[in-house]
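The structure appears right after this line, and notes come after that.
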Amino acid sequence: NAGVTQTPKFQVLKTGQSMTLQCAQDMNHNSMYWYRQDPGMGLRLIYYSASEGTTDKGEVPNGYNVSRLNKREFSLRLESAAPSQTSVYFCASREGISPNTGELFFGEGSRLTVL
Amino acid sequence: GENVEQHPSTLSVQEGDSAVIKCTYSDSASNYFPWYKQELGKRPQLIIDIRSNVGEKKDQRIAVTLNKTAKHFSLHITETQPEDSAVYFCAASARRGSTLGRLYFGRGTQLTVWP
């Protein structure tokens, strides 16, 4: 049981390049999330998917797109990377769409550097 | 949306002392308040949570208190140990309309426990 798996763990991009962060969970969870973590800023929600087939913007969606490929997978795409997108990205999942259905399970994180 | 403020940003205590971290929230309809611990280089993990129909919850050396009237909640760690050293995040659920299902995080508290 791997939990939440995200790839790659590390990536260096040049400004303007594109890339996709992949995330998969094997817990049969309905909701999946992408957060970014910057020093002193906590965890900020980029996009989330409350259930298969739906996606919604979070607090900081600009410059990103997402795809809920199926119930297991939720990818995050940077179409034209900018230095401001240098961050650690966490994928997370939870069982239900309600805030009261338990904890968020996080992946190990992906450290992205944009030069 | 919800605004969660967390204090202090850093906290140093001697081993065996208590540590208290405080958070305030803005949405009076929020009803779920988890705390996450993130050790250096690792993923955030849930350590305790509380729902708005409960004023206090304990789990061994960790306790969380909630004051709905004042819209603040606190994490209390007693008999601190060096392995408690980590960044702690509070969060609050969003319950209104299109933001249902989101968790809003505080900016984190770096706790250091000195032996």
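Coordinate-derived values only; no laboratory data. Just so it is clear, the model here is predicted, and its values are computed rather than measured. For neighbour counting, all protein chains shown are included, and Cβ atoms are generated from backbone atoms with ideal geometry for every residue, glycine included.
Of note:
- Remark: the protein assembly as shown is approximated by an ellipsoid whose semi-axes, taken from the C-alpha gyration tensor as √(5λ), come to 29, 21, 16 Å, largest first.
- Pairwise Lys count, chain B - Cα closer than 21 Å, eight or more residues apart or different chains: 11
- Relative contact order, percent, chain B [alpha-carbon distance under 8 Å, six or more residues apart]: 37
- Normalised by 2.2 N^0.38 Å, where N counts its residues, the alpha-carbon radius of gyration of chain A equals 0.99.
- Pairwise FRET efficiency - A:ASN28 versus B:GLU79, Cβ, R0 = 41 Å, nearest 0.05: 0.60
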